[in-house]
Amino acid sequence: MLKLITQLSAAGALVLASFAMASAAEEALPHFPLKEPEEVDWSFSGPFGTYDQQQLQRGFQVYREICSACHSLNLVPFRALGWEGGPHFSEEEVKALAAEYTVTDGPDDTGEMFERPGAPYDYFPAPFPNAKAAAYANGGAAPPDLSVIAQGRGVERGFPTFITDIFTTYQEGGPDYIHALLTGYEDPPEGEDVRPGQYYNPHYAYAAALAMPPPLFDDAITYAQNEDEDPNNDVPQTVDQYSKDVAAFLMWAAEPHMEARKSMGFTVLAFLLILTALTYYTKRRVWSDVEH
Amino acid sequence: MQGTSEYTPRTGIERWIDKRMPLPRLMYDSFVSYPIPRNLNYAYAFGGILSVMLISQILTGVVLAMHYAANSEIAFTSVEHIMRDVNYGWLLRYLHMNGSSMFFLAVYVHIFRGLYYGSYKSPREIQWLLGVVLFLLMMATAFMGYVLPWGQMSFWAATVITNLFSAIPLVGDAIRTWLWGGFSVGDPTLNRFFSLHYLLPFMIAGVVILHVWAFHVTGQTNPTGVEPKSRRDVVPFTPHATMKDAVALVAFFLVFAWFVFYMPNYLGHPDNYVEANPLVTPPHIVPEWYFLPFYAILRAIPSKLGGVIALGLSVVVLFLVPWLDTSKVLSAAYRPLYRIFFWVFVVVCIGLGYIGAMPPEGGYIIAGQLLTAYYFIHFFIILPLLGFIETPKPRPASITEAVLGRPDEPGEPATPAGATAMPERRG
C-alpha cells in the first residue's frame, strides 16, 4: 500500500510537471514586458542601503527639467526635498526652489483666486489642470503621476527568484523597471507593427510599444554637480546615468522614509535576536525538571 | 471554571475582588495553573501567536483609522499621507499590512497542526467548528481590508469577489447591487467595507474567547493523541507553556520584522500603488497570497456558478472534517497512511497556491483542475476511507510513557511541581 501511494504521488508529480512545461512551451499570447529588466546595483538596496544624496539631487534635476513637462508629482511637497534621508537640500535651497514655481492660491478676501510664488509647504504644481487636459495634450493617454510610480511598477520575478528574493531582500523592482524602460527604447524588429505616436520598447510592462517618446538623450541636462570646480565628482551625462538618477529619485519620492525604516529594522532585529536567545534559555531552564 | 480552582487570594484587595467578581481567579485558573500536556511541541504555539497577532492588528488598525479617510476620492491619498506625514505612519501601515500576511501564515500552520494531530475529533468538534468560523471571519476581514487603500488591486479584487455573488441563480444580481450599494464598486462599497473591516476584528475577538473557552473545557490535544491520564502527564500552563509560547512568539516576530523592515512590499502587489481606475483593468488580477489556493479552485471550474460552489465548498468542507474522518486515532504519528496523505495534501495546497498566481492558460488550467480534484478527493474519499483500511500503530499507554520511552513507574519523583487537576474534572 505504502509503495503504491509513493508511486502514485510520484506519477502525479510527473504529470503536473509535464503540464507546467507544456504551458511554458505553448504560450499563445506574448507576455509583457518582452524583456526582463536588468538588476541595477542601487545604493539603497539591501538591509543597510541608504539613498545617495547627490544622486537624488541629480535625479530631482532630471525630473524637474524633463519629466515634469508631462508628469505630475502630486504627493511630494517642496519641504520634503529638505528631509534627511532624501535629497536633503538646505532650508534656503528648498525655499528658493519652491519660489521658482507659481502656485494658485485663494480665494482671497474678495473671492478671487490669485497666483503667488511657491513656498516649502506647497506641493509640486501639476503640468496639466486635470486628467482630461493631460490626456488631450498627450495623444489620449494621461501621463501617470510619478509620486508612487517606483512602488507601482514591478515585473513578476518568477520561480525560483521570488523565493530567493526573501533572503536577498530584493525590493527594487520599481526603480529597475524605470531604468530599464528609460534606456530600453530601440528600433522595432522586422515585422513588428508600431502605430504612429507609439514607440517600441521591449521593457514596457503592458505592450510592445508605448505613447511616451524616448524622453532622455545624452547631454540633455548639464548636471549642477558637474558645474563646480571639482572634476572628481563629475558624473557621465548619459541616458543610462540620467535613468538611474531619476529612478533613484522616484524611489525616494515613493518612499521618503525608507532609510528610517531600514535603520530601525536593524535595531529591532538585533533586539529580537537577543530576546530569542534569552527566552530560549529561560524556557530550557523552566523545562529542565520535566522530560518532554 | 470553578470547582477545582487553585487560586488563593493573598491580599485584602484580591479577596475583596474575588468575592464580587472573580476575574483574577478565572485568569489564574486559565493561564497559570491550567494543566497542559507535557509533550506539546512548537506547532502548538501558534494559537498564542494568533492571539498576539489579533491584538497587534487591532492596535495598529485603530491608529491607522484615525488618519485614514474612507472616501473613494481621497482614500488612496490618505494612505500615502499616512506613509509620508504621519509620525511613524509608515511603520504602522507596514505592520498592519504585513501583519495580515503573518496572521494567515500562523493560522495555516495552526489549521494544518489541527489536521495532523486530529484536533477536531471527539470531544473537540465545537472547538474546531469555532476555529473554522474564525477562519471565515478572518478571510472576510482581510479581503475588506485589502480594498481600503483603493489601489488598482483593491478595486479589481472587490469587483471580482462581489461579482461572484451574481452567479447565484435568480437573486444574484440583486444581491450584488445590494453589496455594492450601487451599480458598480464605488464609494458606498468602500464605506461599508471600512465599517465592516472595523467591526469584524471585534467579532473575531469574541469568537476567540469561545474558542479558548472550548479548549479549556476539553483540554488540548497533544502529539501522542492520548489524553492526559495522571498528574504526571501534565505541567502547569505558567511557566511551562507561557515560556515555550514566548520563544515561538519572539522567533515568529523575527520573521515578521524581517518583512516589515526589509521587504514590506514583497507580499503585496505593485498594482496596489496605482490608484483605483474603473476604466483600466490590470493585466492579471490576483488576490493576496493567502487566498491563492482558493482562487485556483474558483478558476478550475469552467462555469461561473460551478466555480463559486467549488470555492465555497473548499472552505465549508472544513466544517465537515470531524465527521468525514472516520478514524478514532487522533495523532497522525500513529496513522502510517494518513501521515503520507497529510503531507501530499499540504503539497497539493501549496501547488494550488502556485497555480492561483499563474495566468489561467495552457497547462496551468489542467494542473489547477487536477489539484482541485485532489483537494476534494482528500476530504470526501481519502479521509473517510482511511479509517476503515488503515491499521494504526500501537499507541503508548500514556503521555509520560511516550515521553520516557518506557512504561511509566508511578513511584518516580518526576512529577512537575505545581501540576494540577485533570482537565476532564474541570469546567
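Structure values in brief
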quantity	calculated
Residues within segment A:242-268 that are surrounded by fewer than 18 Cβ atoms within 10 Å (Cβ to Cβ) and out of contact with any Phe, Trp or Tyr (no Cβ under 7 Å at 6 or more places or on another chain), tallied	4
Contacts under 8 angstrom Cβ, first residue in segment B:145-162 being under 17 Å from B:Trp289 (Cβ atoms) and free of Cβ contacts under 8 Å to residues at least 60 places away in the same chain, partner part of a helix (DSSP H, G or I) and of a type in the set (Val, Ile, Thr), 6 or more apart	B:Val147/B:Thr189
Selection within segment B:57-80 - in a helix (DSSP H, G or I) and within 14 Å of chain A (Cβ to nearest Cβ)	B:Ala75, B:Phe76, B:Thr77, B:Ser78, B:Val79, B:Glu80
Unique match (being in contact (Cβ under 8 Å) with a residue 40 or more places away in the chain, out of contact with any Cys (no Cβ under 7 Å at 6 or more places or on another chain), over 23 Å from A:Leu182 (Cβ atoms) and aliphatic (A, V, I, L, M)) among A:Ala119, A:Ala126	A:Ala119
Options B:Ser33, B:Ser56; residue that is of a type in the set (S, T, N, Q), crowded, with 18+ Cβ neighbours inside 10 Å and in contact with a Gly (Cβ under 8 Å, 6 or more places away or on another chain)	B:Ser33
Residue in segment B:316-334 that is away from chain A (no Cβ under 11 Å), without any contact (Cβ under 8 Å) to a residue 40 or more places away in the chain and β-branched (Val, Ile, Thr) present	yes
From the options B:Met83, B:Met53, B:Met27, residue that is assigned to a helix (DSSP H, G or I), free of Cβ contacts under 8 Å to residues at least 24 places away in the same chain and touching a helix residue (DSSP H, G or I) at 6+ places or on another chain (Cβ under 8 Å)	B:Met83
Which listed residue is over 25 Å from B:Leu311 (Cβ atoms), in a helix (DSSP H, G or I), out of contact with any Cys (no Cβ under 7 Å at 6 or more places or on another chain) and among the small types (Gly, Ala, Ser), from B:Ala397, B:Ala402, B:Ala373	B:Ala402
Residue count, segment A:223-272 (criterion: away from chain B (no Cβ under 14 Å) and either closer than 28 Å to A:Leu75 by Cβ or part of a helix (DSSP H, G or I) (or both))	20
Selection count, segment B:296-327, where residues are part of a helix (DSSP H, G or I), within 27 Å of B:Pro384 (Cβ to Cβ) and either of a type outside the set (Val, Ile, Thr) or in contact with a strand residue (DSSP E or B) (Cβ under 9 Å, 6 or more places away or on another chain) (or both)	17
Qualifying residue in segment B:381-388 (condition: facing chain A (nearest Cβ under 9 Å) and assigned to a helix (DSSP H, G or I))	no
First in segment A:221-242 and in the same structural domain as A:Glu65 (by TED's automatic domain parsing), second anywhere and surrounded by 16 or more Cβ atoms within 10 Å (Cβ to Cβ) and in a loop (DSSP other than H, G, I, E, B), Cβ under 6 Å, 6 or more apart	A:Val239/A:Leu216; A:Tyr242/A:Leu216
Residue identified as among the small types (Gly, Ala, Ser) and either closer than 16 Å to A:Ala205 by Cα or assigned to a helix (DSSP H, G or I) (or both) among A:Ala134, A:Ala142	A:Ala134
Any chance B:Lys328 is over 19 Å from B:Gly114 (Cβ atoms) and of a type in the set (Lys, Arg)	no
Matching residues in segment B:220-240 - criterion: being facing chain A (nearest Cβ under 10 Å) and part of a helix (DSSP H, G or I)	B:Arg232, B:Thr238, B:Pro239, B:His240
Answer from A:Phe217, A:Phe266 - the residue that is over 16 Å from A:Ala150 (Cβ atoms), of a type outside the set (Lys, Arg) and without any contact (Cβ under 8 Å) to a residue 40 or more places away in the chain	A:Phe217
Identity of the residue in segment A:19-59, small (Gly, Ala, Ser) and modelled with pLDDT of 60 or more, that ends up surrounded by the most Cβ atoms within 10 Å (Cβ to Cβ)	A:Gly59
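Rundown of residues vs (1) surrounded by fewer than 19 Cβ atoms within 10 Å (Cβ to Cβ); (2) modelled with pLDDT under 95; (3) at the interface with another protein chain (Cβ under 8 Å from one of its Cβ atoms), yes/no style:
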| position | (1), (2), (3) |
| --- | --- |
| A:Gly154 | no, yes, yes |
| A:Ile163 | yes, yes, no |
| A:Gly174 | no, no, yes |
| A:His179 | no, no, no |
| A:Leu182 | no, no, no |
| A:Asp193 | yes, yes, no |
| A:Pro196 | yes, yes, no |
| A:His203 | no, no, no |
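The values are calculated or read from the model by the stated rules, or taken from the named source; none is laboratory data. Predicted model, so just to flag it, every value in this text is computed and none were measured. Reconstructed Cβ throughout: ideal geometry from the backbone, glycine too, with neighbour counts over all protein chains shown.
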